[in-house]
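Visitor: The structure is given below, and queries will be raised subsequently.
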Amino acid sequence: VQLQASGGGLVQAGGSLRLSCAASGRTFSNYGMGWFRQAPGKEREFVGTINSSGGSTYYADFVKGRFTINRDNARNTVYLQMNTLKPEDTAVYYCAAGRSGWASTLAMEYDAWGQGTLVTVSS
C-alpha cells in the first residue's frame, strides 16, 4: 500500500490544521490506520488510531480532546483534525496502514508508512 500524507504547515498556537492521508494499492476498508509523530531529537510516538470501519478510535493522552481521527473509506483517505495546537505539537506527522483491521497503538502493527508531513506550531 502507498500512503501520501498532506496538510502540514505553520500555524500559531491555538490554531487548527487537518492532515490527510490518501492510500492506494490495497483495499482501504480492510485495515486500520494510525498517526504517529516525531519531533526533532525525539523518538517517534503514537498519536491516534482508527479501525477499518471507523467505529473505534484511540488517542494518546496528550491529544485527547484536541485531535480527532476519521476516515472516508469511499475516498481511501484518513484524516487527523488537530485543534488547539500547542508548540509541543511541532513534529513530522506520519500516517501508517495496519496489518489488520484493528486499531493499534503499536508501531509494529503497521506495515506501511507515509512520507510524513511537517507541522510547526509557533508560540
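The values are calculated or read from the model by the stated rules, or taken from the named source; none is laboratory data. Predicted model, so just to flag it, every value in this text is computed and none were measured. Ligands, DNA and RNA are stripped out before the accessible areas are found, and what is left, the full protein with its side chains, is counted by its heavy atoms. Shrake-Rupley method; radii C 1.70, N 1.55, O 1.52, S 1.80 Å.
Visitor: For segment 53-123, what's the relative contact order in percent, using C-alpha pairs closer than 8 Å and at least 6 residues apart?
Guide: It rounds to 30 percent for segment 53-123.
Visitor: Another one. Send over the per residue convex hull volume for segment 58-112, Cα only, as a whole number of Å³.
Guide: So the per-residue hull volume is 101 Å³.
Visitor: Over the chain, calculate the relative contact order: mean separation of alpha carbon pairs under 8 Å at least 6 apart, over the residue count, as a percent.
Guide: Relative contact order comes out at 37 percent.
Visitor: I need the fraction of alpha carbon pairs in segment 1-70 separated by more than 15 Å, rounded to a whole percent.
Guide: Here the long-distance tail beyond 15 Å is 62 percent of all Cα pairs in segment 1-70.
Visitor: At 1.4 Å probe radius, can you tell me the per residue accessible area of the chain in Å²?
Guide: Counting only protein heavy atoms, the per-residue value for the chain is 50 Å².
Visitor: Could you give the semi-axes, largest first, of the ellipsoid that matches the chain, computed as the square roots of 5 times the alpha carbon gyration tensor eigenvalues and rounded to whole Å?
Guide: After scaling each eigenvalue by five and taking roots: 23, 14, 13 Å.
Visitor: Next question, about the same structure. Any chance you could check the Cα centroid distance between segment 76-123 and segment 1-71 for me, in angstrom?
Guide: 3
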